[in-house]
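The structure appears below as structure tokens.
Derivation of every value follows stated rules applied to the coordinates shown; laboratory data play no part. Values in this document were obtained by computation on a predicted structure and should not be read as measured data. Cβ atoms come from the backbone with ideal geometry, glycine included; neighbour counts cover every protein chain shown.
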Amino acid sequence: MNITGIGHIGIRCNSLEETFEFYTKGLGGEKAFELCDEDGVPYLTYIAMPGGQFVELFHENYTGDNKPQKRSFVHICLEVEDFAKAVRQLQANGVKVTSGGDGSPLLEEPFEERTPDRCGSLCAFVTDPEGNDVELMQFTENSKQIKGGKFHV
């Protein structure tokens, strides 16, 4: 088997418009395409993320409260090239950036002096309008993903 990466993450959307804007305007993705049913009604929108992965937005509501502790899905992780630049850009786009998901403190300057997390990488979190956590990670020379990284390209 020759898996080369994560192709996409699929998300059901109670608030499609807000979620679409979060992944495009907030995180810098671009609409790639939509799939439509036999009547021409869109039911799925693909967003191309920088780096070649996709977020797949299903145009269907879900039931329940989608709270992180009540679901199997934990978060999406997007690798960033420049942690400080990414955090500044997100904040400039009005996105709240925290140190560890829902309820964690907001990140504050100076971002260049941020200490890597336990895995040795620089990490931050944002939450989309549906309540899904999105981790942003920059690998460092001490990242366990790199040091043990026979799988990381």
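Per DSSP H run of at least 4 residues, take -39500 (n - 2.57); add these up for the chain, divide by its residues and hand me the 222 nm value, nearest 500 deg cm²/dmol.
-3000 deg cm²/dmol
Assign one of three labels to the range 35-86, namely rounded, prolate or oblate, based on the Cα gyration tensor with a ≥ b ≥ c the square roots of its eigenvalues; rounded applies when a/c is under 1.5, prolate when it is not and a/b is larger than b/c, and oblate otherwise.
Note, shape of the range 35-86 comes out oblate.
Please give me, ordered by residue number, the GluC sites (Glu not before Pro) of the range 24-110 that lie in loop per DSSP and have at most 13 other Cβ atoms within 10 Å.
38, 60, 81, 108
Mean-square fluctuation check for the chain, GNM, Cα pairs under 10 Å: which of 111, 125, 83 is largest?
Highest fluctuation of the listed residues: 111.
Suppose every Lys and Arg Cβ carries +1 and every Asp and Glu Cβ carries -1, with no other charges. What dipole size does the chain come out with about its Cα centre, to the nearest 20 debye?
680
Taking 8 Å as the Cα distance limit and 6 or more residues as the minimum spacing, I'd like the relative contact order of the range 37-102 as a percentage.
16
Taking a ≥ b ≥ c as the square roots of the eigenvalues of the Cα gyration tensor of the chain, is the shape rounded (a/c under 1.5), prolate (a/b larger than b/c) or oblate?
Because a/c hits 1.5 or more and a/b exceeds b/c, the chain counts as prolate.
Over all distinct alpha-carbon pairs, what is the Kirkwood Rh of the range 7-61 in angstrom?
That comes to 11.2 Å for the range 7-61.
Once each part is reduced to its C-alpha centroid, what is the distance from the range 1-46 to the range 86-127 in angstrom?
The distance from the Cα centre of the range 1-46 to that of the range 86-127 comes to 24 Å.
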